[in-house]
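*Asks:* This is the structure I want to talk about, given as C-alpha cells.
The values are calculated or read from the model by the stated rules, or taken from the named source; none is laboratory data. The shown structure was predicted, so the numbers you read here are calculated from the model rather than taken from an experiment. Cβ: placed from backbone, ideal geometry, glycine included. Neighbour counts: every protein chain shown. The accessibility values were calculated without ligands, DNA or RNA, using every heavy atom of the protein model including side chains. Shrake-Rupley method; radii C 1.70, N 1.55, O 1.52, S 1.80 Å.
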Amino acid sequence: MKRLVLYAVVCGAIMVAVALDPVRSQSRPPAPPKRPPEVLQRLSLEAETPGLADPFRGITASGQVEPGLFSITSTGVSTAPVRAAADAFLASLTAPQRARTLKPVGDPEWRKWMNQSFYVRDGVGFLEMSPAQREAAFGLLRAGLSARGLTQTRDIMRLNETLAELNDGNFDELGEWRYYLTVMGTPSATEPWGWQFDGHHAVINYFVLGDQVVMSPHFAGSEPVTATSGKYKGTSVMQDEQNQGLAFVNALSPEQRAKAILRSGDKSEDLNLTEAWKDNVVLDYSGLPATALSASQREQLLNLIGLYVGAMDDGHARVKMAEVRARLDRTWFAWVGRTDPGSVFYYRVHSPVVLIEFDHQKPIGTRHLLNPATPTVQHIHTVVRTPNGNDYGKDLLRQHYLTHPHPSDR
C-alpha cells in the first residue's frame, strides 16, 4: 500500500510538471482577460443575493435538523490565546478599518463567503495592511489554527500568487494578499464571538463561546496545487488529503468497495455539494458505513478525518475528534471516480457531526493551460461542515440566546 501511495505521488508530480510547463503551454490560448471592478461586483451580487435568500437551517440528511447533538459545555481547552490575538489585531487597525472589520455576532457576514476569486469581500484585506497589522492578523490565525493548519493556509495564499503569475500577472483579482478578515462580536471570555478569514481557495469561519470552538464551514483548496515555477516554486498543498483518501479506498475489500464507490470510471464533472451558499443542503448518508469496517480500517478513517479537523488548534481539534469518535458508528464513506494512481476522484465522509468533501475539479484559473473539460489533480477543493445546524456555531448561539437574549444580534 505504501508503494501504491508513493507511486501516486510520483505520478501526480510528473503530471503537474508537464501540465504547467511554460514551454509546453506556448501553443495554448492566452490567459483569460482581466475583469473590471464593476464586473466583479455584479458577479458577486448575482451569487450572494440568491445565496442569502434562504434563511439558515443547516445541512441535514433528511431536511430535519437532528436535535441534541451539540450542547453548551466546558471543553477544558482555553480560548484565551485566540481572544488575546483578536484584541491585538483589532487594536492594530485604524478607526475606519475597525469599522469595516467589526460586525455583530449574529451578522449575515458569517454566510457571505465564497471560494471564487471574483467575490468582493468585506472586512480588512491583507493587501492594505501595514507590516505590523499583517503580523497581528497572522497572530490571530496562529492562535486559532494548528501549525499544520497555518502552514496550509499560508501555502494556499502563496499558490494564489502562482495562479496570478500563470494568468499574465493578474494581481487585480488574484495574489498572495487578496484575503480578508472580519471579526463578529466582541472578543470575550463568556459572550459569543468569532472571526472569518475569506479569500480564493481559503475560507475559515471560527466561532467561539466560552472555551468552545466551532471551525466550520472551512474551505481549503488550490489551483495549481503545486507550483512548478515562479516566486513560490516547490510549494504544494492538499497532498495528504488526496493520497490518504486514495490509500483508504484501496485498503477496502472488494465487497466494501462495491458499497463505497457510488460511481467508478473516469470522473468528468465537479461534485462538491456543500461549498458557498449551500448551508441548507439535504444530503442523505450514502456509501459504506463505518460499522462495516475492521478496527484498523476505522482507525484509518479517523486518521483521514483528523487531517481536516486537525487544521484547528490542537486542543480544540482533540475535542472535535472525540465528538467524531462518539458517532463513528453513524459515519459513512463515499467515493466517485477511479482508484488507480494519478486518477481524479471525489470522496465524502459524512456523520451527524461532521461532513467532509474532497474533489478534483475542472481547471478554471489554468483553463488556458489544461483541458477545461476534464477535472485535474491540479485543482482541488475541500470543504468541512458541521451538519444539523451548527455551522458558524449557530446551534450553540441559538442555545446561548435562550438564556442570554441579544435581540439585535439575531
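*Asks:* Against the condition at pLDDT below 95, within 30 Å of Pro32 (Cα to Cα) and out of contact with any Asp or Glu (no Cβ under 8 Å at 6 or more places or on another chain), how does His368 come out, does it pass? If you could, list the steps in order and put the result at the bottom.
*Replies:* Values: at pLDDT below 95: yes; within 30 Å of Pro32 (Cα to Cα): yes; out of contact with any Asp or Glu (no Cβ under 8 Å at 6 or more places or on another chain): yes.
Taking the combined requirement at face value, the residue satisfies it.
*Asks:* Looking at segment 92-114, which of its residues are open to solvent by less than 50 Å² (accessible area, probe 1.4 Å) and small (Gly, Ala, Ser)? Show your work before the answer.
*Replies:* Taking segment 92-114 and keeping what is open to solvent by less than 50 Å² (accessible area, probe 1.4 Å), we get 92-93, 97, 101, 103, 105-107, 109-114.
Of everything in segment 92-114, those that are open to solvent by less than 50 Å² (accessible area, probe 1.4 Å) and small (Gly, Ala, Ser) turn out to be Ser92, Gly106.
*Asks:* Moving on to the next point. For segment 82-90, check the following and say yes or no: at least one residue is in contact with a His (Cβ under 8 Å, 6 or more places away or on another chain) and either among the β-branched types (Val, Ile, Thr) or open to solvent by 70 Å² or more (accessible area, probe 1.4 Å) (or both). Reasoning before the result, please.
*Replies:* In the first step, residues of segment 82-90 are kept if they are in contact with a His (Cβ under 8 Å, 6 or more places away or on another chain); the result is none.
No; the residues of segment 82-90 include none that is in contact with a His (Cβ under 8 Å, 6 or more places away or on another chain) and either among the β-branched types (Val, Ile, Thr) or open to solvent by 70 Å² or more (accessible area, probe 1.4 Å) (or both).
*Asks:* What number goes with the only condition from (1) closer than 27 Å to Lys362 by Cβ; (2) over 17 Å from the mean Cα position of the chain (by Cα) that Gln212 does not pass?
*Replies:* With (1) closer than 27 Å to Lys362 by Cβ; (2) over 17 Å from the mean Cα position of the chain (by Cα) applied to Gln212, the lone miss is (1).
*Asks:* Further question on the same structure: Which of (1) in contact with a helix residue (DSSP H, G or I) (Cβ under 9 Å, 6 or more places away or on another chain); (2) open to solvent by 40 Å² or more (accessible area, probe 1.4 Å); (3) modelled with pLDDT under 95; (4) hydroxyl-bearing (Ser, Thr, Tyr) is the odd one out, the single condition Tyr119 does not satisfy?
*Replies:* Unmet condition: (2).
*Asks:* Now a separate question. Would you please name the residue that is farthest from Gly68 (Cα to Cα), looking only at residues in segment 371-410 that are small (Gly, Ala, Ser) and at pLDDT 95 or above? Explain how you work it out, then say what you get.
*Replies:* Start the filter on segment 371-410 by keeping residues that are small (Gly, Ala, Ser), which leaves 373, 389, 393, 408.
Subsequent filtering for residues that are at pLDDT 95 or above retains 389, 393.
Values: Gly389: 11, Gly393: 14 Å.
Among them, the one singled out is Gly393.
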